[in-house]
Amino acid sequence: MEPFTAGLISLEDAQQKMLQQLTPISDCLSVSLYEAAGRITAKPVTSPLDVPPFDNSAMDGYAVRLSDIVPDREFPVAGKAFAGAPFNGDWPAGSVIRIMTGAPIPAGCDAVVMQEQTEQRAGGIVITAAVTPGQNIRRIGEDIEAGKQVLEAGVRLGAAELPLLASLGIAEVSVLRKLRVAIFSTGDELQAVGQPLADGQIYDTNRFTVSLMLNKLGCEVIDLGVIADDPEALRKAFSEADRQADVVISTGGVSVGEADFTKAILEELGVITFWKLAMKPGKPFAFGRLANSWFCGLPGNPVSAAVTFYQLVQPLLATLTGQTTRIMPLRQRARATQRLKKSPGRLDFQRGILNRGEDGVLEVRSTGAQGSHVFSSFALADCFIVLDRDRADVEAGEWVEVEVFNSLLEG
């Protein structure tokens, strides 16, 4: 291994060291379904009713009794059953009931014959196919039984889960409170977005990016702004953030520059678990514990900050809210369509664009320049090309692993 990468902790080890220390929050509240999107269930949700709540027809057709079935018999239609308007009249022997999808099954019905398996005659209908007991009938509780668990604790509520709860008549759900996350940037060179730049200044895009990601993850953001490269100012910022938040995230100030005071202050106020990763981009990432909160120090370069947030902070926040659903996407193989530059020593997350080749195989190409300052690579990409720590350059046609962006980086 190259000397400049010796002693760096791997991403897998970093994730393990982080996540094994965490205990999920437990504070919860009850909210309306209309306010529950993006919230995390605090306890399992059980169904208060059977779904469907009664036997009903799965087809437009005819309700029949098996004892009446005779080949080539003409069945008069004794009545009609609609969803919301069941048939409640007398049902003479040797007749059928016209029934629509979702309508309650009339008493005595053994099966529903779809209308495509009948012929119209002057005296009624003739059944043209074999009839089996229970065909085309949705039984009570077939989908969900009353008292059955429909969601476990730790589920993020979205467009799949909330309609399910609504279909069960559940108007409110118990959710965890939002994680409180304090953020600030460090660096005298930073200027707020929208303000004119002085000589030597750059815009503070990292804090803006982190805030967007935190909002997308449903966190309560406490924005402490830009903190000057001054030990006392940093000490005050860390203390204030620790007092207010569950998690403190800073951007910048975690490398080895002469004006980077973050490490010394963290060692004074808390405990640092690790400081540097065998990862590119994102080598200078810090994680530790303050008196009341967890701390994540993101690199100052925009791409490095976004990648480390995605790969490390995202699962940390999910673990603190007890989420049980998959957070990070599964990796899959793709064929590189071009040469990719890579030096052994660090796990590399290059930004890529996925397509399917003419032979149906998944292919990936680079977005172009991969510098940690080139944020346009994210705007073009839809996946990470994940190159192992020991891998060198990739030639066109070789296989690589790709990780499709999840909703945090999607549009």
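Numbers below:
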{"read-out": "Lone unmet requirement of (1) touching a residue at least 24 places away in the same chain (Cβ under 8 Å); (2) open to solvent by 60 Å² or more (accessible area, probe 1.4 Å); (3) in a strand (DSSP E or B); (4) among the polar types (S, T, N, Q) for GLN350", "value": "(2)"}
{"read-out": "Count of residues meeting criterion [touching a residue at least 24 places away in the same chain (Cβ under 8 Å) and in contact with a strand residue (DSSP E or B) (Cβ under 6 Å, 6 or more places away or on another chain)] in segment 106-128", "value": "12"}
{"read-out": "Residues of segment 369-406 classified as more than 14 Å from VAL307 (Cα to Cα) and either of a type in the set (Phe, Trp, Tyr) or surrounded by fewer than 14 Cβ atoms within 10 Å (Cβ to Cβ) (or both), total", "value": "11"}
{"read-out": "Of all residues making up segment 241-258, the number that are at pLDDT 95 or above, open to solvent by 20 Å² or more (accessible area, probe 1.4 Å) and over 23 Å from ALA306 (Cβ atoms)", "value": "2"}
{"read-out": "Test for ASP348: is it closer than 21 Å to PRO284 by Cα, over 21 Å from the mean Cα position of the chain (by Cα) and at pLDDT below 95", "value": "no"}
{"read-out": "Enumeration of residues in segment 64-105 that are among the basic types (Lys, Arg) and open to solvent by 60 Å² or more (accessible area, probe 1.4 Å)", "value": "ARG73, LYS80"}
{"read-out": "Output for segment 22-34, where each listed residue is under 21 Å from ARG289 (Cα atoms) and open to solvent by 70 Å² or more (accessible area, probe 1.4 Å)", "value": "THR23, SER26, ASP27"}
{"read-out": "Which numbered condition THR46 fails, given (1) within 30 Å of ALA318 (Cβ to Cβ); (2) open to solvent by less than 30 Å² (accessible area, probe 1.4 Å)", "value": "(2)"}
{"read-out": "Residue under evaluation VAL131, criteria (1) without any contact (Cβ under 8 Å) to a residue 60 or more places away in the chain; (2) part of a loop (DSSP other than H, G, I, E, B); (3) farther than 26 Å from SER47 by Cβ, criterion not met", "value": "(1)"}
{"read-out": "Members of segment 282-298 that are part of a loop (DSSP other than H, G, I, E, B) and within 21 Å of GLU240 (Cα to Cα)", "value": "LEU290, ALA291, ASN292, SER293"}
{"read-out": "Residue that is surrounded by the fewest Cβ atoms within 10 Å (Cβ to Cβ), among those in segment 217-232 that are aliphatic (A, V, I, L, M) and at pLDDT 90 or above", "value": "ILE222"}
{"read-out": "Segment 368-406, residues that are assigned to a strand (DSSP E or B) and in contact with a Ser or Thr (Cβ under 9 Å, 6 or more places away or on another chain)", "value": "ILE385"}
{"read-out": "Output for segment 266-308, where each listed residue is open to solvent by 50 Å² or more (accessible area, probe 1.4 Å) and without any contact (Cβ under 8 Å) to a residue 40 or more places away in the chain", "value": "GLU267, GLU268, LEU269, VAL271"}
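The values are calculated or read from the model by the stated rules, or taken from the named source; none is laboratory data. Keep in mind the model is a prediction, meaning the values are calculated, not measured. Neighbour counts run over all protein chains shown; Cβ positions are idealised from the backbone, glycine included. Surface accessibility is based on the protein's heavy atoms, side chains included, excluding ligands, DNA and RNA. Shrake-Rupley method; radii C 1.70, N 1.55, O 1.52, S 1.80 Å.
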